[in-house]
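Quick notes on the structure that follows.
Read the figures in this text as sums done on the coordinates, not as results from a lab. Every value quoted in this text rests on a predicted model; they were computed, and no experiment measured them. Glycine also receives a Cβ, built like all others from the backbone with ideal geometry; neighbour counts cover every protein chain displayed.
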Amino acid sequence: MNESEHQARVVECFGRRVIVEIATHERIAAEMFGKRLACVCGDEVRIRSSKDLGDVPRVVEVLPRRSLFARTDSRGRTEPLAANLSLLAVIIAPEPEPDPFITDRYLAGAAFANIASLVIVNKAELQSASSERFGLIVDEYRHAGFDVFALSAKDNSTVEPLREMLRDKATMLVGQSGVGKSTLTNQLAPASARATRELSDSSREGRHTTVSTALFRMPHGGELIDSPGVRDYAPPLLEDATIQFGWPEILKLAPQCRFNNCLHLREPGCAVIDAASTKQISPRRYESYKRLMNIMRGLAPEYERRR
C-alpha cells in the first residue's frame, strides 16, 4: 500500500469525522484513526492518506497546541472547543436581551486559557432605542479594562476597524444565540456563507443557525472561527484562588487586600469588597465573580469522586 503523511489544519468537526485544510488550501474530509484520538477546530494534525482508490485520509496525530479554549459540562467534565486561538471575541447585542454573566464567564475562560479577549457590541444601531441597562453593561466592560468594538454586522463600514484588529490573528467568535455571529462572520470572511436567521418574533430570543464550529480565512489576513450560539457557558474547573485571574479589575485590587490569600468573599480588610460596595468596580461584575466561585465549588466534589 502506497501511503503518505502530511500536516493539515482541522477546520470543522463532526464527531469522528473532520474537514481538514492541507498545504494547498484545499479542504478535504478525513476521519479519526483510533478511538482515543480526538481533535477540535483549529488543531494542527498529521494525516495519513493512501493512493488506493476510495481510501479516506485519516488523522493519525494531533500536534501540540499553543492554546486550548474549553468549557465544563454539567457533570464537571472538560470539553475542548477550539485550539490554537490567539483571541476570543465575545459578541453581545441589545437584542436578544443579554446575559452579562455568560459574557463574564466567556471572558474569564479566555483569561484562564491565556487567550486575549475583547467585547463586540453588535446591532449598535439598536442601542439608542434599547434600555439603559444595556448601556451600563457595555460601560462595565470598558471600565474593567476590556477593548470594546461597537458595530453593525450588516454595515461593512462599521466592521472595518474590527477587521484591522483581527488581521493575522486566530479569532473565535462566541456569544448567545441571535447576537449575529454568523452575520459578522459573513462580513469578515465572505467565503464562509454561514446561514443566518432573524430573532423569534414572539420571544425576541435567538435561534440556533450554526450547528458546528468552523474555521474560515479572512481575505485580508487572519483566521475566524464561528461557533454555535449558547444559552450558558462555564470554564473548566478551577481552584478558588485562580478564579480572580478572570476579572482584571479584581486582580488589580488584590495586592491591596490585608491577606495575601484573600478570596474576596468575606475576609476583613478586602480591597475588592470595599471597591464593590462603593461602586469603584461594578457590583454586578463582583457578583458574577462570586457566582463562578459557587459554580466551581458545586462541580468540584463530583469531579473529585471520578478521579
*Determine which lysines satisfy two conditions relative to LYS169: a Cα distance under 21 Å, and not lying fewer than 8 residues away in the same chain.*
LYS181
*Just order 119-125, 175-181 by mean Cβ neighbour count inside 10 Å, highest at the front, would you?*
175-181, 119-125
*Within straight-line cross-link reach of LYS252, lysines at Cα separation under 16 Å, skipping those fewer than 8 residues along the same chain*: LYS279
_Taking every pair of distinct Cα atoms and averaging 1/r, then inverting, what Kirkwood hydrodynamic radius in Å comes out for the chain?_
20.9 Å
*Highest first, please rank the peptides 268-274, 212-218 by the mean number of other Cβ atoms sitting within 10 Å of their residues.*
212-218, 268-274
*Per residue Cα convex hull volume in Å³ - calculated over region 1-122*: 144 Å³
*Unpartnered cysteines of the chain (Cβ-Cβ under 4.7 Å counts as a partner)?*
CYS13, CYS39, CYS41, CYS270
_Looking at the chain only, what percent of DSSP beta bridges run antiparallel? Nearest 5 please._
60 percent
_Can you compute the charge dipole magnitude of region 68-226 about its Cα centre, using +1 on each Lys and Arg Cβ and -1 on each Asp and Glu Cβ, nothing else charged? Give it in debye, rounded to the nearest 20._
460 debye
*asked:* Whole-Hz ³J(HN,Hα) for each residue in region 228-238, computed from phi via Karplus 6.51 cos²θ - 1.76 cosθ + 1.60 with θ = phi - 60°, x for glycine and proline: what do you get?
replied: x, x, 10, 9, 6, 7, 9, x, x, 4, 9
*Got a sec to turn the phi values of region 138-154 into Karplus ³J(HN,Hα) couplings, 6.51 cos²θ - 1.76 cosθ + 1.60 with θ = phi - 60°, whole Hz, x for Gly and Pro?*
4, 4, 4, 6, 4, 5, 6, x, 8, 5, 10, 10, 9, 7, 10, 4, 8
_Going by average Cβ density within 10 Å per residue, which order do the peptides 234-240, 73-79 take, highest to lowest?_
234-240, 73-79
*Taking the Cα centre of the chain as origin, sum charge times position over the Cβ atoms of Lys and Arg (+1) and Asp and Glu (-1), and report the length of that vector in debye to the nearest 20.*
700 debye
_In nm, spacing of pseudo-spin labels at HIS25 and ASP232 (7 Å Cα→C-beta vector)_ = 4.2 nm
*Which three lengths, in whole Å and largest first, does region 68-226 cover when its Cα atoms are put on their principal axes?*
38, 38, 32
